[in-house]
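J.: Below is a structure I'd like to ask you about.
The values are calculated or read from the model by the stated rules, or taken from the named source; none is laboratory data. In this text the structure is predicted, and so the values were computed from the model without any measurement. Neighbour counts run over all protein chains shown; Cβ positions are idealised from the backbone, glycine included.
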Ligand SMILES: [Fe+2]
């Protein structure tokens with residue numbers, strides 16, 4: 001335990017240093033021109049918040065067992081950095097695994113006790129701007145907890161729907177839920193929790209959203225590699241993304257907890273972003289420029305691709 005404490009301290013000190021460097025990067029990068037309609041958003045993923053019911057040592061391997069105990073200070077650090085930026089970040093999107101597993105299968109438990117759901121909300125309520133919550137596999141327990149119960153809990157605790165579109169300044173920000181199709185239905189013959197699927201209703205809804213032809217940022221917890229390409233004959237997420245690649249600037253996933261750049265493998269630019277669980281610097285800061293129909297991933301040069309980590313600006 002002494003070793004864990006020392007390591008954690010080192011990690012947090014480095015995080016504080018990096019935060020300062022990131023803020024100076026931000027000040028230099030973001031030179032506001034008068035009349036510009038540019039605006040700024042941030043993405044975070046895989047926050048994995050726990051509570052007093054969490055049983056220590058229940059993960060696989062040292063790295064996972066250590067990191068799970070640090071999720072609260074790391075998310076808090078990411079939040080505080082995002083709050084500190086000027087010009088301000090206007091919206092934050094969280095790409096799932098908001099909390100880490102279910103301490104009880106009993107719905108009422110969550111209203112009789114203060115749990116990780118309440119802890120996660122208490123941290124994210126500290127964002128100065130709106131935050132939009134998406135769903136990850138740890139926000140469900142598809143083997144043991146009915147998905148309907150998870151949906152009721154999310155509605156009651158976070159006022160969040162299973163999937164959603166948020167329209168803002170001429171853009172659309174869509175969270176797709178890859179836990180609603182048959183591969184996530186524990187009674188279906190093709191049940192396979194490692195494969196995501198959307199289900200017909202959500203696919204139809206997504207197609208209708210895309211038919212509005214607004215530029216659309218897409219967030220989905222599982223990387224596209226792990227989401228069924230097609231679910232009903234030739235109807236599915238992959239062909240929809242390809243067909244609308246011109247109006248989808250970016251598809252961002254979490255789940256893997258590492259930075260991965262799939263480029264245009266699936267049509268639109270596709271990234272997996274890293275997790276605040278492992279690194280408080282795991283956020284994407286995006287500048288969106290409606291006048292030029294473009295965006296910039298402002299901290300991309302801090303990212304160490306294929307790792308959990310973002311590197312400090314001075315080594316870029
Ligand atoms: Fe995760």
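J.: Evaluate region 186-195: report whether one residue or more is touching a strand residue (DSSP E or B) at 6+ places or on another chain (Cβ under 7 Å), at pLDDT 95 or above and either under 30 Å from residue 115 (Cα atoms) or part of a loop (DSSP other than H, G, I, E, B) (or both). Give the steps one after another, and end with the answer.
T.: Taking region 186-195 first, the residues touching a strand residue (DSSP E or B) at 6+ places or on another chain (Cβ under 7 Å) are none.
Within region 186-195, not a single residue is touching a strand residue (DSSP E or B) at 6+ places or on another chain (Cβ under 7 Å), at pLDDT 95 or above and either under 30 Å from residue 115 (Cα atoms) or part of a loop (DSSP other than H, G, I, E, B) (or both).
J.: More than 16 Å from the ligand (Cβ to nearest atom) and at pLDDT 95 or above, is that true of residue 253?
T.: For residue 253, the condition - more than 16 Å from the ligand (Cβ to nearest atom) and at pLDDT 95 or above - is not met.
J.: Using beta carbons and a limit of 6 Å, which pairs, at least six apart or on different chains, have the first residue in region 111-140 and more than 18 Å from residue 179 (Cβ to Cβ) and at pLDDT below 95 and the second one assigned to a loop (DSSP other than H, G, I, E, B) and within 16 Å of the ligand (Cβ to nearest atom)?
T.: The qualifying pairs do not exist here.
J.: Here's another thing I want to ask about it. Taking the criterion of being modelled with pLDDT under 85, closer than 30 Å to residue 175 by Cα, assigned to a helix (DSSP H, G or I) and touching a helix residue (DSSP H, G or I) at 6+ places or on another chain (Cβ under 8 Å), would at least one residue in region 25-40 satisfy it?
T.: Within region 25-40, one or more residues are modelled with pLDDT under 85, closer than 30 Å to residue 175 by Cα, assigned to a helix (DSSP H, G or I) and touching a helix residue (DSSP H, G or I) at 6+ places or on another chain (Cβ under 8 Å).
J.: Note down all Cβ pairs under 8 Å where the first residue falls in region 245-259 and is over 16 Å from residue 219 (Cβ atoms), the second is away from the ligand (no atom under 16 Å from the Cβ) and assigned to a loop (DSSP other than H, G, I, E, B), and they're at least six residues apart or on different chains.
T.: Within 8 Å, the pairs are 245/264; 245/267; 245/268; 258/306.
J.: Now for a separate question. Go through region 133-170 and report how many residues are part of a strand (DSSP E or B), more than 16 Å from the ligand (Cβ to nearest atom) and either more than 22 Å from residue 204 (Cβ to Cβ) or touching a helix residue (DSSP H, G or I) at 6+ places or on another chain (Cβ under 6 Å) (or both).
T.: 2
J.: Continuing with the same structure: Scanning for something in contact with a strand residue (DSSP E or B) (Cβ under 9 Å, 6 or more places away or on another chain) and surrounded by fewer than 23 Cβ atoms within 10 Å (Cβ to Cβ), does region 97-111 turn up at least one residue?
T.: no
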